[in-house]
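Colleague: Starting off with a structure, shown below.
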Amino acid sequence: MSTGAWQRRHDLLIGWGNGLRQDDGVGLLIAERVEGWSRPGLEVLAIPQLIPELASRLAEAARVLFVDAALAAACPHPGWTLERLPQWSPGPQPLSHHASPGALLQLAGRLYGRTPPAWQLLVRAHSCELGTELTAATAALLPAALAAVGRWCGDA
């Protein structure tokens with residue numbers, strides 16, 4: 001890969017979830033809001049699930065932020081967490097049509113020889129019942145979670 005190709009790489013934010021299951025849609029909502037920021041060098045995807053077909057997009061990215069909802073146990077106080085994912089290492093990991101961030105990073109490394117640095121932002125889901133609106137408790141976490149995304153974007 002040439003130096004010029006590296007300089008053209010962009011950051012990638014992938015927000016996913018089910019917008020018909022209340023707080024499970026928080027990743028989609030955050031992705032849609034961030035897309036409205038129109039930041040140069042940032043590609044934003046709002047999708048219902050992670051799929052293996054995204055591996056090529058990951059391999060092309062300078063770095064990646066995965067945004068999703070999580071049950072309370074995965075999100076200690078203050079209700080969201082932004083953490084760097086471990087670097088990909090070879091090893092067996094089953095893939096199906098639905099994939100995890102780690103599985104996608106591993107697939108990008110295997111197929112394309114490159115895995116970008118990656119982070120995940122998890123926002124506490126208080127309810128995943130049928131509904132298109134976030135619960136008030138999860139909606140209250142949006143400003144802080146969006147601020148964390150803004151800081152991540154500024155770290156480029």
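Colleague: State which residue is surrounded by the most Cβ atoms within 10 Å (Cβ to Cβ) when the search covers only segment 107-156 and only residues that are polar (S, T, N, Q) and out of contact with any Asp or Glu (no Cβ under 7 Å at 6 or more places or on another chain).
Modeller: T115
Colleague: In segment 20-34, how many are out of contact with any Asp or Glu (no Cβ under 9 Å at 6 or more places or on another chain) and surrounded by fewer than 18 Cβ atoms within 10 Å (Cβ to Cβ)?
Modeller: 3
Colleague: Every residue in segment 41-83 that is in contact with a strand residue (DSSP E or B) (Cβ under 7 Å, 6 or more places away or on another chain), farther than 27 Å from R114 by Cβ and in a helix (DSSP H, G or I), please.
Modeller: A72, A74
Colleague: Follow-up. Looking at segment 62-77, I want the residues that are closer than 14 Å to G17 by Cβ and have a partner that is part of a loop (DSSP other than H, G, I, E, B) and hydrophobic (A, V, I, L, M, F, W, C) with Cβ atoms under 7 Å, at least 6 apart or on another chain. Which pairs are those?
Modeller: Partner pairs satisfying both residue conditions: A69/A125; A70/A125; L71/A125.
Colleague: Being in contact (Cβ under 8 Å) with a residue 60 or more places away in the chain and β-branched (V, I, T) is the filter here, so list the residues in segment 15-50 that pass it.
Modeller: V26, I30, V34
Colleague: What is the one condition in (1) crowded, with 21+ Cβ neighbours inside 10 Å; (2) over 14 Å from the mean Cα position of the chain (by Cα) that V44 does not satisfy?
Modeller: (2)
Colleague: Now for a different question. Which residue pairs have Cβ atoms closer than 6 Å, lie 6 or more positions apart in sequence or on different chains, and pair a first residue in segment 90-112 that is of a type in the set (F, W, Y) with a second residue that is crowded, with 18+ Cβ neighbours inside 10 Å and modelled with pLDDT of 80 or more?
Modeller: Filtered contacts from segment 90-112: Y112/A59.
Colleague: For the subset of segment 47-73 comprising residues that are surrounded by fewer than 15 Cβ atoms within 10 Å (Cβ to Cβ) and more than 14 Å from the chain's Cα centre (by Cα), which member is farthest from T138 (Cα to Cα)?
Modeller: S56
Colleague: Look through segment 66-100, keep the residues that are touching a Gly at 6+ places or on another chain (Cβ under 7 Å) and at pLDDT 90 or above, and return whichever of them is nearest to S127 (Cα to Cα).
Modeller: Looking at residues that are touching a Gly at 6+ places or on another chain (Cβ under 7 Å) and at pLDDT 90 or above, I get A69.
The values are calculated or read from the model by the stated rules, or taken from the named source; none is laboratory data. All figures in this text were calculated on a predicted structure; none of them were measured in a lab. FYI the Cβ positions are ideal-geometry reconstructions off the backbone, even for glycines, and counts take in every protein chain you see.
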